[in-house]
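The structure appears below as structure tokens.
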Amino acid sequence: MGGVFSGFKKYEIILLDQYKIRPDIELVYEYPTLDFDAQNEKISAEIPFTGKTYIGFKQALAAKESNGLYKIVNSYGYIGKYQFGKLALRSIGIYDSEEFLNDPLLQEKAFDALIAKNKWILRDEIKAFVGKRINGVRITESGILAAAHLGGAGSVRKFLKSNGINGFKDGFGTSIVSYMKKFSGFDVSDIEPEKNALAYL
């Protein structure tokens, strides 16, 4: 492909039940809407390349979390495109999980709000650790924020302050250090730290 489409790549993925995802399936980027084969439950999708921008950060994280699909609930009860838990939602002012699951715009605002809140919570750690290496992984701001999305800001703080000794893994065995590595080097400067960030504002 050339011209304006030169930044697109083609992938084939497996589409599972719309509301469930198996943890052993490696997921790819959002908008898997092209060439759907209902009989074989396969999709070919054109994936926009967004580089290391904030949009790219969101796409990459959504791809890992849910394949970029909004109406997803995993086996642990985490919901939506970015796989929010109830505590994370409450921290940014969302109390109606059903409304959240059915409102893509609210899910996008929620992600931005949680990034802003985690930036504020981890502001000292970002200042102190960005540019250093822990367990062979170069620490970046986007890596810290992705890890906080996975395991919470408190787990990231413990990991950094223990120089990688106190780690965290989610229910599927995914570690915060793997998120620090996978989501390293994105430009997340568009979002300002905000102590009381809310999704509805």
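The values are calculated or read from the model by the stated rules, or taken from the named source; none is laboratory data. Computed from a predicted structure; not experimentally measured. Reconstructed Cβ throughout: ideal geometry from the backbone, glycine too, with neighbour counts over all protein chains shown. Note: accessible area is taken over every heavy atom of the protein model, side chains too, but ligands, DNA and RNA are not part of it. Shrake-Rupley method; radii C 1.70, N 1.55, O 1.52, S 1.80 Å.
A few remarks follow.
- Take the Cα of residue 99, step 7 Å toward its Cβ, do the same at residue 76, and the gap between the two points is 2.6 nm.
- The simple Förster model, with R0 at 22 Å and r as the Cβ-Cβ distance, assigns residue 169 and residue 134 a FRET efficiency of 0.90.
- Modelled this way, with points 7 Å down the Cα-to-C-beta line, the labels at residue 189 and residue 120 are 2.2 nm from one another.
- Between residue 161 and residue 53, the modelled label-to-label distance comes to 3.7 nm, taking each label 7 Å out from Cα in the direction of the beta carbon.
- Under 5 Å between amide hydrogens, built in the peptide plane, is the criterion, and for residue 134 it picks out 139 among residues at least 5 positions away or on other chains.
- Sulfur and carbon atoms: percent of accessible area, segment 50-201 [1.4 Å]: 52 percent
- J(HN,Hα) series, segment 136-141, from Karplus relation 6.51 cos²θ - 1.76 cosθ + 1.60, nearest Hz, glycine and proline x: x, 9, 6, 7, 10, 4
- Average accessible surface area per residue within segment 68-201, 1.4 Å rolling probe, Å²: 49 Å²
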